[in-house]
Amino acid sequence: MATQNTSRRKFIRNASLGFGTLALSPALVNLALAKPAKKLGIALVGLGYYSSGQLAPALQKTNNCYLAGIVTGTPAKAVDWAKKYNIPEKNIYNYQNFDEIAKNPDIDIVYVVLPVFMHKEYTIRAAKAGKHVICEKPMALNARDCEEIIAACKKANRLLSIGYRLHFEPHTVELMRLGQKQVFGKVTSIDTGNGFTYNGDPNAWRLKKAMAGGGGLMDMGIYSIQGSRYTLGQEPIAVKATQEKTRPDFFKEVDETVYWELKFPGGQKVNGKSSYNHDWGYLKVQAEKGSFQLEPAYGYGGIDGLVNGKPMNYPQIVQQAAQMDDFATCVTRNVQSRVPGEEGLKDMRVVDAIYRSLDSGKWETIG
Ligand code: NAD
């Protein structure tokens, strides 16, 4: 994963404006700013790139939750993490004894940060163990699995949230307002793309269809799909997609670059794309009486935006800290997250339809 991580880091750095403190923008006066009486304990499941590079550091900056436990199959990682983050032995689990977490009152929330094919099993096991769950994106291999996850969490009476950190990011929250409230009239077109140049381990799970569900579309395209949906605040009804592969030997099982057009009920022209071969990360919106855009739009190294050509100038935040703090407050108050499982499901319905369209070469209905 070293080269891929380098490439991903480069992508993020290129997109970076640097971190700041939690935003005080009125648009972000949200649940995250209200402190619960007690900090809730989070256990990270899967200590790979995202957990070690982003989530664990972000959990050092949270107000409403803290890194209470870990679940790992690698004993050496357990030793390192215990030392680095002061995690007691009793809060360290492996994949075999994971279900015993049910008896641990230190753990309120389980955060599933595993390869996509493991999201369903571990999210459902966590909910059955009585824990509230954050599941990383993409939520599951397909929409049917997302539905199963949602049903299992409901049955266990546990809250479920997807790791959609951008819903807590001030530039993104403002873009949602501009689009959804039609501040510059109706949105007429959206153009968005997300991707990075993948040069990592050819045997990585991200390149295996059965483990990742797909390639750049599942990993990066999910953001472009989200971006279109949260700009309009509407659900797309049909999609037509095409793809290209410049490295078919490397991307044997999964998509490299995918292009799509989404049909929304309002008739807006919406084009999206995803790639493991291009460093993209933008969301450009044209409305009847103005335009606005984010670029970088989707990373966590800093988001930048323009409204009618003028900078948005919101502070940069640690998105994951805001996201986890908000979920902790939702759990304390027993209210649904703004990014519940249904958000992940809606994106996966679009992804499923894009794959159907790549196969059929035709417009495919979403849902
Ligand atoms: P990674 O490969 O670096 O980490 C995956 C972890 O799962 C590793 O620690 C690995 O040991 C563990 N694992 C356990 N069983 C495994 C198995 N059978 N096969 C492979 N690995 C196994 O991946 P990552 O980049 O940390 O991604 C994990 C999840 O986080 C993915 O769903 C990814 O889409 C998501 N992610 C989200 C963001 C974001 O910005 N929200 C960013 C990066 C990754």
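The values are calculated or read from the model by the stated rules, or taken from the named source; none is laboratory data. All figures in this text were calculated on a predicted structure; none of them were measured in a lab. Cβ coordinates were reconstructed from backbone atoms using ideal geometry, including for glycine residues, and neighbour counts include every protein chain displayed. Calculation scope for accessible area: heavy atoms of the full protein, side chains included, ligands and nucleic acids excluded. Shrake-Rupley method; radii C 1.70, N 1.55, O 1.52, S 1.80 Å.
Checking every residue in the range 238-246 against the condition of being touching a residue at least 12 places away in the same chain (Cβ under 8 Å), more than 18 Å from Arg356 (Cα to Cα), away from the ligand (no atom under 11 Å from the Cβ) and open to solvent by 10 Å² or more (accessible area, probe 1.4 Å) gives at least one match. Note on the range 82-112: residues that are open to solvent by 20 Å² or more (accessible area, probe 1.4 Å) and either hydrophobic (A, V, I, L, M, F, W, C) or closer than 19 Å to Lys39 by Cα (or both) total 11.
Just one of the numbered conditions (1) within 17 Å of the chain's Cα centre (by Cα); (2) open to solvent by less than 30 Å² (accessible area, probe 1.4 Å) is not true of Leu178: (1).
When Ala353 is tested against (1) among the aliphatic types (A, V, I, L, M); (2) crowded, with 21+ Cβ neighbours inside 10 Å; (3) farther than 21 Å from Asp255 by Cβ; (4) out of contact with any Pro (no Cβ under 7 Å at 6 or more places or on another chain), just one condition goes unmet, and that condition is (3). Examine the range 225-244 for a residue that is more than 21 Å from Ile162 (Cβ to Cβ), among the charged types (D, E, K, R) and modelled with pLDDT of 95 or more, and state whether such a residue exists. Scanning the range 225-244 turns up at least one residue that is more than 21 Å from Ile162 (Cβ to Cβ), among the charged types (D, E, K, R) and modelled with pLDDT of 95 or more. Inside the range 109-129, residues that are within 7 Å of the ligand (Cβ to nearest atom) and of a type in the set (A, V, I, L, M, F, W, C) make up a count of 4.
In the range 130-177, the residue that is farthest from the ligand (Cβ to nearest atom) out of those that are polar (S, T, N, Q) and over 30 Å from Asn313 (Cβ atoms) is Asn157.
Taken across the range 311-319, residues that are in contact with a helix residue (DSSP H, G or I) (Cβ under 7 Å, 6 or more places away or on another chain), open to solvent by 20 Å² or more (accessible area, probe 1.4 Å), closer than 30 Å to Arg158 by Cα and within 16 Å of the ligand (Cβ to nearest atom) do occur, with at least one present.
Taking the condition touching a residue at least 12 places away in the same chain (Cβ under 8 Å), hydroxyl-bearing (Ser, Thr, Tyr) and open to solvent by less than 30 Å² (accessible area, probe 1.4 Å), does Tyr122 pass? So Tyr122 fits the description; yes. Restricting attention to the range 59-79, and to residues there that are away from the ligand (no atom under 11 Å from the Cβ) and open to solvent by less than 50 Å² (accessible area, probe 1.4 Å), which single residue is nearest to Lys137 (Cα to Cα)? Once the filter is applied, the top-ranked residue is Leu59. Of the residues making up the range 326-366, those that are among the basic types (Lys, Arg), in a helix (DSSP H, G or I) and touching a residue at least 12 places away in the same chain (Cβ under 8 Å) are Arg333, Lys346, Arg349.
Ile162 meets the conditions (1) farther than 26 Å from Leu217 by Cβ; (2) open to solvent by less than 20 Å² (accessible area, probe 1.4 Å); (3) in contact (Cβ under 8 Å) with a residue 40 or more places away in the chain in every case but one. The failed one is (1). Please work out if Lys284 is open to solvent by 10 Å² or more (accessible area, probe 1.4 Å) and over 20 Å from His171 (Cα atoms). Against the criterion (open to solvent by 10 Å² or more (accessible area, probe 1.4 Å) and over 20 Å from His171 (Cα atoms)), Lys284 does not qualify. The residues of the range 129-165 that are over 12 Å from the mean Cα position of the chain (by Cα) and of a type in the set (Gly, Ala, Ser), listed by number, are Ala129, Gly130, Ala143, Ala151, Ala152, Ala156. Taking each residue of the range 136-152 that is touching a residue at least 60 places away in the same chain (Cβ under 8 Å) and looking for partners that are open to solvent by 10 Å² or more (accessible area, probe 1.4 Å) and more than 16 Å from the ligand (Cβ to nearest atom) with beta-carbon atoms closer than 7 Å, six or more apart or interchain, yields Asn142/Asp352; Ala143/Arg349; Ala143/Asp352; Ile150/Glu342. Going by the conditions given, is Gln293 open to solvent by 40 Å² or more (accessible area, probe 1.4 Å), more than 20 Å from Tyr198 (Cα to Cα) and outside any helix (DSSP H, G or I)? Judged against the criteria, Gln293 is a match.
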